[in-house]
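A quick write-up on the structure given underneath.
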Amino acid sequence: MLGGVLEYLYMFLKNFKNENYENILIVSQDYEEKLEKFKDIVKDIYVIQMTREIKIKQDLKSTFEVRKLLKKIKPDILYLHSSKAGAYGRIAMLFNHKTKILYNAHGWYFNANMSKKKKKIIALIEKVLSIKTDKIINISQSEYDSAIKYKISPAKKMCIIENGIDFKKFEGCDKYRKETRNKYNIKDNEIVIGVVGRLSEQKDPITTIKAFNEVYKENNKARLMYVGSGELEDEVIQYAKKYGLQNLVTITGWVDNTEKYIPAFDIAILPSKWEGFGLAIIEYMACDKPIIASNVGGISDIIKNMKNGLLINKESPNELYDKIIELLNNKSLYKIIIENNEIEKEKYDIKIMIEKSIDIIEGVLNWKKR
């Protein structure tokens, strides 16, 4: 698992097969150890020192480095992903009027948990930077609506291209169910509640383990699996130890092949506090897993409650517990959700995302469709 944005870029670049374009990747040092698989799908890779949090001195230095690099590359089009890279890239190109700029925030940061004052400041920064943007790409209807609400940019400058995945990667993934369960000593008759994602505030792993604690009290066959890692991992481990769950909770760490882990799940969850899209949900669909997720952001554009999944309020361990128990006890609902997702998932094929992206790129460059 490369992490949301990097996973998106890998799938995008791997499937972006067009002889009219030459792709060059510029990334943060955070991803330096995960770049091997990109070497065969891009011409060049450059690593820039960046920070997640705002640090003026380092941010200015990073922006200068990006500017110097872009002056060397002289791209026809610069496609920026995530808010920090979006700021670096657009400020770096402030006096460049030839390169076209696309921007994908991958979830507006002002939708995160923060004060109203901070939301307004971040939205204002996005609004100012949008002046130096030719097209803003939103990954869901919810994200587009947020951009309109905060008046980030005129509607004509924005569009929606929903995320997609390569379904070929998940073909026959059921064969990995036994392999993964054996790896973590999970018995055939045990029930795995699984979540794919960073163990971070956004993905709210604490709500997950609190709900699991209650589920286990009712069903001692239950197990919990986090596919990922993150800054809240120690907190999750401490909670598990406090309530005697340490032998029932698996944290896999970062993985590059979620198609081998999701099949081990019996119920797939994503209790995020905020979410631009929720790519893991499409991966759950690809592996035919019933889904429980927070009714936030782009998740509610994908999941229709009681049809192709169950929605809960964010930060609600009691609701999550109730829905897990409901799925375990209602086999009919369990089956209906999987059947409905078999139909729904087709709209999230990576090929559709690539086709829409090429249309936008060629439109911005004023190229006639070939």
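What's the number of the condition ASN308 fails, among (1) of a type outside the set (D, E, K, R); (2) within 19 Å of the chain's Cα centre (by Cα); (3) not assigned by TED's automatic domain parsing to the domain that holds LEU13?
In the conditions (1) of a type outside the set (D, E, K, R); (2) within 19 Å of the chain's Cα centre (by Cα); (3) not assigned by TED's automatic domain parsing to the domain that holds LEU13, ASN308 misses (2) alone.
So which residues in the stretch 69-93 are assigned to a loop (DSSP other than H, G, I, E, B) and either closer than 21 Å to LYS151 by Cα or touching a strand residue (DSSP E or B) at 6+ places or on another chain (Cβ under 9 Å) (or both)? Give the steps one after another, and end with the answer.
Residues of the stretch 69-93 that are assigned to a loop (DSSP other than H, G, I, E, B), as a first pass: 74-76, 82, 93.
Those that are assigned to a loop (DSSP other than H, G, I, E, B) and either closer than 21 Å to LYS151 by Cα or touching a strand residue (DSSP E or B) at 6+ places or on another chain (Cβ under 9 Å) (or both): PRO75, ASP76, SER82, MET93.
Which count do you get for residues in the stretch 34-49 that are under 22 Å from THR63 (Cβ atoms) and acidic (Asp, Glu)? Break it down stepwise before answering.
Narrowing the stretch 34-49 to residues under 22 Å from THR63 (Cβ atoms): 35, 44-49.
Restricting the remaining residues to those that are acidic (Asp, Glu) gives 44.
Counting residues in the stretch 34-49 that are under 22 Å from THR63 (Cβ atoms) and acidic (Asp, Glu) gives 1.
Just name the residue that is nearest to ASN20 (Cα to Cα) out of those in the stretch 46-63 that are in a helix (DSSP H, G or I) and free of Cβ contacts under 8 Å to residues at least 12 places away in the same chain. Break it down stepwise before answering.
First pass over the stretch 46-63, keeping only residues in a helix (DSSP H, G or I): 56-63.
Then drop every residue that is not free of Cβ contacts under 8 Å to residues at least 12 places away in the same chain, which leaves 56-58, 60.
Working: ILE56: 38, LYS57: 38, GLN58: 36, LEU60: 34 Å.
That would be LEU60.
What do you reckon, is ASP40 charged (D, E, K, R) and not in a loop (DSSP other than H, G, I, E, B)? Outline the logic, then answer.
On the way: charged (D, E, K, R): yes; not in a loop (DSSP other than H, G, I, E, B): no.
Spelling it out, it is not the case that ASP40 is charged (D, E, K, R) and not in a loop (DSSP other than H, G, I, E, B).
Please work out which residue is modelled with the highest pLDDT, limiting yourself to the stretch 180-212 and to residues that are on the phi > 0 side of the Ramachandran plot and surrounded by 20 or more Cβ atoms within 10 Å (Cβ to Cβ).
ASP204
Pick from ILE302, ILE291: which is buried (at least 21 other Cβ atoms within 10 Å of the Cβ), at pLDDT 95 or above and over 17 Å from LYS335 (Cα atoms)?
Details: ILE291 fails: over 17 Å from LYS335 (Cα atoms).
Matching residue, one of ILE302, ILE291: ILE302.
Mind listing just one residue for me: the one in the stretch 102-130 that is assigned to a loop (DSSP other than H, G, I, E, B) and touching a Lys or Arg at 6+ places or on another chain (Cβ under 9 Å) and, of those, surrounded by the fewest Cβ atoms within 10 Å (Cβ to Cβ)? Break it down stepwise before answering.
At the first step, the residues of the stretch 102-130 found to be assigned to a loop (DSSP other than H, G, I, E, B) are 105-108, 112-115.
Remaining after also requiring touching a Lys or Arg at 6+ places or on another chain (Cβ under 9 Å): 112-113.
On the way: ALA112: 15, ASN113: 13.
Once the filter is applied, the top-ranked residue is ASN113.
The values are calculated or read from the model by the stated rules, or taken from the named source; none is laboratory data. Keep in mind it's a predicted model, so treat the numbers as computed, not measured. Using ideal geometry, Cβ is built from the backbone for each residue, glycine included, and neighbour counts are taken over all protein chains shown.
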